[in-house]
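I have placed the structure first, in the form of structure tokens, so that the comments after it can refer back to it.
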Amino acid sequence: MFSTTPSVTSPYEITRLRGALLIGGVLVSIFVFADLILLPESLYTAYLINRFGLQLPLVVFALALTWWHKFNQIKETLFAVILVMFTYVNYGFLHYAWVTERFSFAYEGTILYTFYCIFALGVPFRLSLIAAVINVVGFILLMYMSPVYGERVMLAVGFVASSLFVGCYARYRLDHAMALLKSTNARLVVLSTRDELTGLLNRRALMEGAEYLLSLCKREKLTTGVIMADLDDFKKYNDAFGHQQGDEAIMMQAGILNEVFQRKSDVVGRYGGEEFMVMVSGLNEQEVTQQCEAVLNLWQERALPHAHGASHPVMGCSIGAVVSKPDVKTSLQALISQADKNLYEAKHRGRQTFYITCMPDKS
Ligand SMILES: Nc1nc2c(ncn2[C@@H]2O[C@H](COP(=O)(O)OP(=O)(O)OP(=O)(O)O)[C@@H](O)[C@H]2O)c(=O)[nH]1
């Protein structure tokens, strides 16, 4: 049956990630100039190898992978792995600078990398936490091997550990808010497109779906059928058995329509009150006739006793249908109006029957 669920826009997300990776590469390069001012010249070669030979290629590698068809499936894990590798490459230089020159290279990059991967590249909470734990353990081991910051070692460890975990917690809150937003959105889509009683499309979504199917039929040169079904003597039924039981008959009608019109492309909805509309595609008059008969037969099988004084002893419906080979001028309103006329003809012919015509009329 026709669905109105919106699809995910991943091409935009990929473009955004490419932009974020490019900015990441530019940031690394800018920091190179800032760092070179502070570093002793003897460390230049090691530093440049570390940045341009190891860190930057990691960014380029991630950027190249964005063109891979499986990138979407691996991107979160990839960015988490890159975060750890990036950080450990930096630890390598920190260690080297200390061992060779007793130079205390800054540790703040560790925090910046984590924030960049978590927020700009979107590494989710669990992977962020795993990466943070690995990076904090690495930092503690590094401080154990080379006390780069002297008596401020504990302060550095505390600062790195708390910053990384604050980042992870913020990611957790963000993931939670996003999940809530997603489920609320999905709920809103259901509320705005579905009829509460029957679960079928409501009038607005029905019209949208029907317009869409009609334009598809025009483009693909397919026939289209509009079927209007209206419960018979429903006022009498309501008066005799009450509104609640009346609602159950309406739900029964929805169930019957769902049973008969099962194709994904079928547009099935509640037109209003006890009137329903279905739009089908690619079927000829004979096939639509069979579907109308199937609906009436299923009502007969249900054998739901009708109110005293109704035109038939059991509940059923009348159906008006129209089949058309639409052209550019064919409008949905014209099809509905013809199906409605046919419905009243079916009512006029004694109810629990159908009346079908073709548009334009073949006779
Ligand atoms: N229980 C219930 N009744 C509804 C609902 N929507 C509309 N109705 C009732 O459906 C009845 C429709 O009555 P009419 O338009 O006179 O049609 P009818 O009695 O079915 O007569 P025919 O269509 O000529 O066979 C009204 O009494 C409405 O109150 C609903 O959601 N639940």
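The values are calculated or read from the model by the stated rules, or taken from the named source; none is laboratory data. Keep in mind it's a predicted model, so treat the numbers as computed, not measured. Here Cβ is always computed from backbone atoms with ideal geometry, including for glycine, and neighbour counts include all displayed protein chains. Each accessible area value is taken on the protein alone, full model and side chains, heavy atoms only, with ligands, DNA and RNA left out. Shrake-Rupley method; radii C 1.70, N 1.55, O 1.52, S 1.80 Å.
Structure above, values below:
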{"item": "Heavy atoms of Arg194 accessible to a 1.4 Å probe, total area in Å² rounded to 10", "result": "70 Å²"}
{"item": "Extension gain (nm, one decimal) between Phe71 and Ile37, 0.36 nm per residue minus Cα-Cα", "result": "8.4 nm"}
{"item": "Placed amide H near Val148: partners under 5 Å, 5+ positions off or other chain", "result": "none"}
{"item": "Contact order relative to length of the chain, as percent, for alpha carbon pairs under 8 angstrom and 6 or more apart", "result": "15 percent"}
{"item": "Cα-based helix-to-principal-axis angle, 285-302 vs the chain, degrees rounded to 10", "result": "80 degrees"}
{"item": "FRET efficiency estimate (nearest 0.05) - Cβ-Cβ, Glu208 to Ile30, R0 41 angstrom", "result": "0.25"}
{"item": "Computed over the chain, Kirkwood Rh from alpha-carbon pairs, angstrom", "result": "25.9 Å"}
{"item": "Heavy-atom accessible surface of the chain: percent carbon and sulfur, 1.4 Å", "result": "63 percent"}
{"item": "Built amide H within the under 5 Å cut-off of Val314, gap 5+", "result": "His306"}
{"item": "Restricting region 36-100 to trypsin sites (Lys or Arg not before Pro) in coil, as DSSP defines it, with at most 12 other Cβ within 10 Å", "result": "Lys70"}
{"item": "Folded to 0 to 90 degrees: helix 56-65 orientation relative to the chain principal axis, Cα", "result": "20 degrees"}
{"item": "Members of Lys221/Lys264; Lys182/Lys264; Lys235/Lys347 lying beyond 21 Å, as alpha-carbon distances in this model show", "result": "Lys182/Lys264"}
{"item": "Alpha-carbon centroid distance for the pair region 241-257 / region 148-199, whole angstrom", "result": "44 Å"}
{"item": "Modelled label reach - Glu287, point 7 Å along Cα→Cβ, region 217-255 residues with backbone N closer than 12 Å", "result": "222-225"}
{"item": "Accessible area in square angstrom per residue, the chain, 1.4 angstrom probe", "result": "53 Å²"}
{"item": "For Ser281, distant residues with modelled amide H under 5 Å away", "result": "Gly225"}
{"item": "Efficiency of FRET between His348 and His308 - r from beta-carbon atoms, R0 25 angstrom, step 0.05", "result": "0.65"}
